[in-house]
Amino acid sequence: MTANDSPSGRPPGPQTTTYDSTFLKACRREPVPHTPVWFMRQAGRSLPEYLKVREGIPMLESCMRPELVSEITMQPVRRHKVDAAIYFSDIVVPLKAIGVDLDIKPGVGPVVAEPIRSRADLARLRELTPEDVWYVTEAIGLLTGELGETPLIGFAGAPFTLASYLVEGGPSRNHEHTKALMYGDPQLWADLLDRLAAITSSFLKVQIEAGASAVQLFDSWVGVLAPADYRRSVLPASAKVFQAVAEHGVPRIHFGVGTGELLGLLGEAGADVVGVDWRVPLDEAARRVGPGKALQGNLDPAVLFATPEAVETKTREVLAAAAGLEGHVFNLGHGVLPTTDADALTRLVEFVHTETAR
Ligand SMILES: Cc1c2[nH]c(c1CCC(=O)O)Cc1[nH]c(c(CCC(=O)O)c1C)Cc1[nH]c(c(CCC(=O)O)c1C)Cc1[nH]c(c(C)c1CCC(=O)O)C2
């Protein structure tokens, strides 16, 4: 039985609760009336209404204002009619909240004032309490009221990707300091990842307890690792995060870029849904991940710069590769690119909904 077959033959009817939403059903590999769609980075610079409300407010400050967070999270839901909202924040927000001196520089990304490279530096990573991120609880409270039946996805950065920013001091192409620590001082590396796993687990729990109905762990840069190194040096910490939130029973999504060789391990770490970038077709990704997990993805975000006809052709290819999956959540293979035409995104949501209506 796949998500494409309806066991009861019940015609698609109006949704009644968040639990019954197409997004959560697809995550649970249950039959859905159409394939649900959301986009990583759906809130942000591709939307004129985002640029307007963000005017003059630095990125990190905007993440700490509950009403602004709620408004920005709602914008893509209103405009594109996506099937899920993703909480507006950034992966470095919990690090900032425990006192790490960092900033998000426009056009660059997170920059850390003093990189973490020694055992003494570890002391700067204390545990996160719900009070540290009171604005998250407050913003999600506002959001669950506004969203109605549309589910909210909470998220956090995975230990490896957070470590990469902390150890390098900012974005990195080669991750040389991160790998130097991982290969050169395995015990310090393991302790660093364990601390980050604890912070990430607490941050996800805050979001779930406030009302998030799914969570995504972003291990964006983990594709730079070979499978054996991932299994030995990263998987145990990410597995702790998935285990820590297991009791809440919400779907757990695991995503990274360039992870074709790691897809099986990303599932093994404890995810219910594995996010796939555009480099591996979804049918092949399903073989690599194995049974019992849904997949999310995987249109190349750059395709949205092509003609509407080309977008439809490439989208049909993604949907054809997904036809036999146990559960499919349509998404891009990575985040929406900042200069993407917002109308192209709205059309894409509608196209996927119509093409997959059953
Ligand atoms: C690696 C990573 C970061 N942040 C994030 C990741 C993992 C996702 C991925 O792989 O893309 C996660 C993130 N960051 C942001 C979201 C919002 C929710 C969403 O709509 O998906 C999410 C899920 C907002 C943001 N985070 C950031 C912006 C842009 C800041 C702005 O609008 O001024 C937004 C909307 C800043 C940021 N923060 C980070 C980068 C690389 C950048 C871009 C720097 C730039 O090009 O200016 C670190």
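Values quoted throughout were computed directly from the atomic coordinates according to the rules given, and no laboratory measurement underlies them. This structure is a prediction, so every number in the text was calculated from the model and none was measured. Here Cβ is always computed from backbone atoms with ideal geometry, including for glycine, and neighbour counts include all displayed protein chains.
Which helices count as membrane-span-like in the chain under these terms: full DSSP H, at least 18 Å along the axis by C-alpha, Kyte-Doolittle mean of -1.0 or more?
The answer, listed by residue number, is 66-80, 134-147, 186-210, 308-322, 342-356.
Classify the range 223-300 as rounded, prolate or oblate, taking a ≥ b ≥ c as the square roots of the eigenvalues of its Cα gyration tensor: rounded when a/c is under 1.5, otherwise prolate if a/b is larger than b/c and oblate if not. In terms of gyration-tensor shape, oblate.
Cβ-Cβ distance of K314 and A226, R₀ of 25 Å, FRET efficiency by 1/(1 + (r/R0)^6): the value works out to about 0.25.
Rg ratio for the chain: its Cα radius of gyration over 2.2 N^0.38 Å, N being its residue count, equals 0.94.
Electrostatic bookkeeping for V336 treats Lys and Arg as +1 and Asp and Glu as -1; over the other residues with beta carbon under 10 Å from its beta carbon, the sum is +2.
Within the chain, antiparallel bridges make up roughly 15 percent of the DSSP beta bridges whose residues both belong there. Assuming a ≥ b ≥ c are the square roots of the Cα gyration tensor eigenvalues, decide whether the range 153-206 counts as rounded (a/c under 1.5), prolate (otherwise, with a/b larger than b/c) or oblate. Here the range 153-206 falls in the oblate category. Neighbours of A226, meaning other residues whose beta-carbon lies under 12 angstrom from its beta-carbon, give a summed charge of +1 when Lys and Arg score +1 and Asp and Glu score -1. Quick one: among P171, P159, P106, which has the greatest mean-square fluctuation in a GNM of the chain with alpha-carbon springs under 10 angstrom? Greatest mean-square fluctuation among the candidates belongs to P106. Per residue, the convex hull spanned by the Cα atoms of the range 260-311 measures out at 77 cubic angstrom. The Rg/Rh ratio for the range 29-79 is 1.11, where Rg is the radius of gyration of the alpha carbons and Rh is the Kirkwood radius.
In the range 9-99, a dipole from Cβ-located charges (positive for Lys and Arg, negative for Asp and Glu) runs towards its positive end, and of S62, V93, T73 it is T73 whose Cα lies farthest in that direction.
If r is the Cβ-Cβ distance from E247 to I57 and R0 is 51 Å, what FRET efficiency results, to the nearest 0.05?
On the way: r = 36 Å, r/R0 = 0.71.
Given R0 = 51 Å and the Cβ-Cβ separation, E is 0.90.
Compute the normalised compactness of the range 200-358: alpha-carbon radius of gyration over 2.2 N^0.38 Å, N being the residue count.
On the way: Rg = 16.1 Å, N = 159, 2.2 N^0.38 = 15.1 Å.
It is 1.06.
For the range 39-132, the convex hull drawn through the C-alpha positions has a volume of 120 cubic angstrom per residue.
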